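Working notes for the structure below.
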Amino acid sequence: MPDFSDLVSQAKKMQEKMKETQEALNKIEVEGISGGGAVKVIMNGEGDLKKISLDEKLLKETKEIIEDLVVAAHNDAKSKMKKKTSEEISKITGGISLPPGFKMPF
C-alpha cells in the first residue's frame, strides 16, 4: 500500500510544477504574420494581442483587405501559440500528452 505522505508530497510537487509551467507559458510571445509580412501581430501566452504592425503600403488597400489580413495574422499567432504551448508542456511532462479535450486556461 502506498505511503499517504508520499502521495501528498508528489501532489504538492506536481502542483508547484504546474504553477511554474503556467507562469512560463504566460511569458511566451509569438508573432503572427500575413500578407507577406504586411501585417504582424504580437500575442502573449495569455492570448492578449500586444502589438499590431501594418506596412505603410497596406494602407492603400481597401478596409476589407486590411481587416482580413489582421484576422489572418491573429490566427497565425494563435496557431503558433498552440504549438509553442504544447512544446513547453511536453518539456515539463516529459512527453506525456494531455488527455483529449483537456484545455489550458487560454
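The values are calculated or read from the model by the stated rules, or taken from the named source; none is laboratory data. All values reported here derive from a predicted model rather than from experimental measurement. Neighbour counts run over all protein chains shown; Cβ positions are idealised from the backbone, glycine included.
Do you know which of the residues in region 34-49 that are more than 22 Å from E88 (Cα to Cα) and not polar (S, T, N, Q) is surrounded by the fewest Cβ atoms within 10 Å (Cβ to Cβ)?
G36
Please find, among I52, I65, I28, the residue that is under 22 Å from the mean Cα position of the chain (by Cα), at pLDDT 95 or above and surrounded by 13 or more Cβ atoms within 10 Å (Cβ to Cβ).
Working: I65 fails: under 22 Å from the mean Cα position of the chain (by Cα); I28 fails: at pLDDT 95 or above.
The match here is I52.
If I ask for residues that are small (G, A, S) and free of Cβ contacts under 8 Å to residues at least 40 places away in the same chain, which ones from region 37-71 would you list? Let's see the steps before the verdict.
Filtering region 37-71 down to residues small (G, A, S) leaves 37-38, 45, 47, 53.
Of everything in region 37-71, those that are small (G, A, S) and free of Cβ contacts under 8 Å to residues at least 40 places away in the same chain turn out to be G37, A38, S53.
Filter region 1-21 for residues that are loosely packed, with under 14 Cβ neighbours inside 10 Å, closer than 24 Å to E87 by Cβ and not charged (D, E, K, R); which is nearest to the chain's Cα centre (by Cα)? Break it down into steps so the answer makes sense when it comes.
First, the residues of region 1-21 that are loosely packed, with under 14 Cβ neighbours inside 10 Å: 1-20.
Then drop every residue that is not closer than 24 Å to E87 by Cβ, which leaves 13-20.
Applying the additional criterion that residues be not charged (D, E, K, R) yields 14-15, 18.
On the way: M14: 21, Q15: 21, M18: 16 Å.
Step by step, filter region 1-21, then rank; the result is M18.
For P105, which of the numbered conditions (1) at pLDDT below 80; (2) under 20 Å from the mean Cα position of the chain (by Cα); (3) surrounded by 10 or more Cβ atoms within 10 Å (Cβ to Cβ); (4) of a type outside the set (A, V, I, L, M) fails to hold?
It fails just one condition, (3).
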